[in-house]
Every structure is written in C-alpha cells, then in structure tokens.
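The values are calculated or read from the model by the stated rules, or taken from the named source; none is laboratory data. Since this is a predicted model, take the numbers as computed values, not measurements. Reconstructed Cβ throughout: ideal geometry from the backbone, glycine too, with neighbour counts over all protein chains shown. For accessibility, only protein heavy atoms count, side chains too; no ligands or nucleic acids. Shrake-Rupley method; radii C 1.70, N 1.55, O 1.52, S 1.80 Å.
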Amino acid sequence: MDRITIRNLQKMKVEGEKIAALTAYDYYMAKFVEEAGIEVILVGDSLNMVVYGEPSTLSCTMTKMLAHTKAVSSSALRALVVGDMPFLSYQPSIREAIYNAGLFLSEGGAQAVKLEGGLEFVPTVGKIIESGIPVMGHLGMLPQSVHKYGGYLVRGKTDREQEYLLESALALQEAGCFAIVLEKVPAKLGKKLTESLAIPTIGIGAGPYCDGQILVLNDMLGLYDKFCPKFVRPYANLKKLILKAVKHYRNDVKSGDYPSSEESF
Ligand code: KIV
C-alpha cells in the first residue's frame, strides 16, 4: 500500500479532488480512519482537550504529542500522518523548532508537522523545511493564541486581518509549506485564499471552497460534549451509544444476567 505524499495532495488540488482529513490520537481510531479512506491524519494538539480533558491546548507537551503520534503512525500505513507542534515547542527559538519538528518524524513516525502562525513564523517554517521536514501551515483562528485574542473567535473579518492572512498565506507558501489549514474564517476569505495559493488549503470552519476539509474526530463522532462548534456536522453520537452499552452492562451485572453459562468456563 503506497503512502499518500505531499505530492499526491498537490496533484489533488490541481485535479480538483477534495482532500479529506481528520484528526486521530490512537492506534485503533487511526486504523479505522485510514480504513475509511481519509488521506491526511492530523495528530492534533486538540488531544489535550478531547483526550486529556484539559481546558485548552496550552498545556499540551511534546511528550504527549510524541506518544500519540507514535500510536497513530503504528497503524496508519497509507494516510499522510501530520504531527501538530504544541505550544512552546517552536516559539522560543528556530533551533528548538527544528529539533522538536524532527522528533515527530524520528520518534513519532509522522511524515510532516503542522504549526500555528503567520508572517512572524515564516523564518521558522523555512528552516524546518530546509531541514527536510514538510510543514503544514495553520492560519485564522489559532487555538494556541486563545488568550491573545480573548477567545476562539472567527478571524479575518476586517480588511486589515484579511490582508494579513493573505500575506501570511503567500509567505508560508513561498517558505515551502505543502498545505495550509484555515480555521474559522469567513467562507469568502477561504475562497480567496484557496484561489490565491498553488498549495492546498484544508478548511475547518472556513467554508466549502477550500481544497480539503478537516474536523476533530471526537467532535464529529459525538465523543466530546463540552461544546460543539457551529462548523461541526455530527456524523454520529457515540456518547449516546457508549452510555447505552455501559448502562446495559451495568444492569446485567446487577441483575446477575451477566455472565451467562456460555460466558463462563
Ligand atoms: O489540533 C487540532 O486538532 C487542529 C485542527 C483543529 C486543525 O489543529
């Protein structure tokens, strides 16, 4: 089974085939996601919230990210696995950024990394790519900057922000990014950025015109019940199914119905 590469993603953009991406954080979920034909699996730092129950992504660490990336890489043999660089793994210096990005490949088994930020991170992105590590950019609403903006707000509503995002997207492309995630920006801006770039855009709350879409797996499966962003389509309600199954088991244990003689030795 041939691995999807960044060249395949580029070809998909040129040929107008949409890219389907999802997050995954462990061996079995990644296995199922890949079996369903998803081309890009992002081991997102969103795992800090949806797996560890933390209130934001800010306390996510390289240790957590590498452990989950390794688990995902062990089962994902076809999808392109992208490791998400956590807060403080690339901001302090270019040297730390290159080293930590490299760990996603050498220890995590990923094929690429993603990091949040525009113009101000272009030199860092360029150096990571020069080191042989493919980088996916991330613009728009940046969860690691939640306190800078005072919430998880839609970005790119003003002319000034739109100019900044366009300039950033072009600079990230020039630096060598193979794709850019656009998070929570108006659909019209998602379209403009997608049309302005030769590399694919992967939208999350960025409207239908992006070259691909990504969602947090636990959100679209109904496994995260703290809040559900407007852009999430609930494809399943696994919380409901899990509750039903676990209650059923509990009742069977209490009533003595489980285990039966067939389930005993
Ligand atoms: O961490 C994450 O899951 C992400 C996606 C929302 C793009 O960055």
Residues GLY118, GLY108, GLY83, GLY102: which one is open to solvent by 10 Å² or more (accessible area, probe 1.4 Å) and at pLDDT 95 or above? GLY102
From the list MET136, MET85, which residue is touching a Lys or Arg at 6+ places or on another chain (Cβ under 6 Å), within 13 Å of the ligand (Cβ to nearest atom), under 21 Å from ILE4 (Cβ atoms) and not β-branched (Val, Ile, Thr)? MET136
Subset of the range 138-151 [surrounded by 11 or more Cβ atoms within 10 Å (Cβ to Cβ) and either in a helix (DSSP H, G or I) or at pLDDT below 95 (or both)]: PRO143, GLN144, SER145, VAL146, TYR149
Residues satisfying the stated conditions in the range 122-137, i.e. buried (at least 24 other Cβ atoms within 10 Å of the Cβ) and part of a helix (DSSP H, G or I): VAL125, ILE128
Which members of the range 186-216 meet the condition of being within 28 Å of MET29 (Cα to Cα) and open to solvent by less than 10 Å² (accessible area, probe 1.4 Å)? PRO200, THR201, ILE202, GLY203, ALA206, CYS210, GLY212
Determine whether the range 152-159 contains at least one residue that is buried (at least 17 other Cβ atoms within 10 Å of the Cβ) and farther than 28 Å from PRO55 by Cα. no
Residues being within 16 Å of the ligand (Cβ to nearest atom) and part of a helix (DSSP H, G or I) - total across the range 169-193: 4
The lone condition ASP219 fails out of (1) in a helix (DSSP H, G or I); (2) more than 16 Å from the ligand (Cβ to nearest atom); (3) among the acidic types (Asp, Glu) is (2)
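Let's see how each residue does on (1) outside the structural domain of VAL146 (by TED's automatic domain parsing); (2) farther than 27 Å from GLY176 by Cα; (3) more than 13 Å from the ligand (Cβ to nearest atom); (4) open to solvent by 60 Å² or more (accessible area, probe 1.4 Å):
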{"site": "VAL14", "(1), (2), (3), (4)": "no, no, yes, yes"}
{"site": "LYS18", "(1), (2), (3), (4)": "no, no, yes, yes"}
{"site": "GLU35", "(1), (2), (3), (4)": "no, yes, yes, yes"}
{"site": "LEU42", "(1), (2), (3), (4)": "no, no, no, no"}
{"site": "MET49", "(1), (2), (3), (4)": "no, yes, no, no"}
{"site": "GLU54", "(1), (2), (3), (4)": "no, yes, no, yes"}
{"site": "HIS68", "(1), (2), (3), (4)": "no, no, no, no"}
{"site": "ALA71", "(1), (2), (3), (4)": "no, yes, yes, no"}
{"site": "SER75", "(1), (2), (3), (4)": "no, yes, yes, no"}
What pairs come out if I take residues in the range 122-150 that are touching a residue at least 24 places away in the same chain (Cβ under 8 Å) and farther than 15 Å from SER168 by Cβ and pair them with residues that are among the charged types (D, E, K, R) and outside any helix (DSSP H, G or I) whose C-beta lies under 7 Å away, six or more apart or interchain? GLN144/GLU116
If I ask for residues that are outside any loop (DSSP other than H, G, I, E, B), within 16 Å of the ligand (Cβ to nearest atom) and within 16 Å of ALA171 (Cβ to Cβ), which ones from the range 102-121 would you list? GLY117, PHE121
